[in-house]
Amino acid sequence: MLELLQAFSSRCSQIEEAIRLGDDRRVATLDGGFELLVEVIVDHHAANLMEVYMQLQFVGYLLQQDAGDAASVSHHSTRLISLLERCFGALPRADVALPRELPLPAPKAYVTNVDNGNFLNSAILETFPDRVAVLTRDYRYLYSNPGD
């Protein structure tokens, strides 16, 4: 997979160089095999998760480069969908159990004087020009500075 991506990068560099030199014939020659190389990269059957990631990054790069061209974006999004379906399946399988919900722990009970006066100092809070309210984790009112 890495070799394919390096070939793509090399081809892009060659095309950019030919464009810079104004060599239209070379640009046309290099551009002719460009789409085939993209297809080979996307159609490559990944051997591991890293290769899947590389393919997804590659299609994301294509989408980003052609963001101004609606037809190209549509074409690349079709590639992305086919890649995702090939790697992860078209539909969720019925025999695969849904992830179970993990129970959230109940909020801890309010413990008075947790900060020992070092964190929520009323003298400091009262100097703020804006209205300040302090609530506990279980949404109980703890403090508010005097209103204007």
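The residues listed here are Ala90, Ala109; of these, the one that is under 18 Å from Leu56 (Cβ atoms) and at pLDDT below 75 is Ala90. Taking first residues from segment 54-72 that are in the same structural domain as Val42 (by TED's automatic domain parsing) and partners that are not in a helix (DSSP H, G or I), the Cβ contacts under 9 Å between residues at least 6 apart in sequence or on separate chains come to Met54/Met1; Met54/Ala46; Gln55/Met1; Gln55/His44; Gln55/Ala46; Ser72/Asp66. Go through segment 1-44 and give me each residue that's outside any helix (DSSP H, G or I) and touching a Lys or Arg at 6+ places or on another chain (Cβ under 8 Å). Within segment 1-44, just Gly33 meets the criteria. One residue stands out among those in segment 62-72 that are surrounded by 14 or more Cβ atoms within 10 Å (Cβ to Cβ) and modelled with pLDDT under 80: the one that is farthest from the chain's Cα centre (by Cα), which is Ser72.
The values are calculated or read from the model by the stated rules, or taken from the named source; none is laboratory data. Keep in mind it's a predicted model, so treat the numbers as computed, not measured. Quick reminder, even Gly has a Cβ in these numbers, built from the backbone with ideal geometry, and neighbours come from all protein chains shown.
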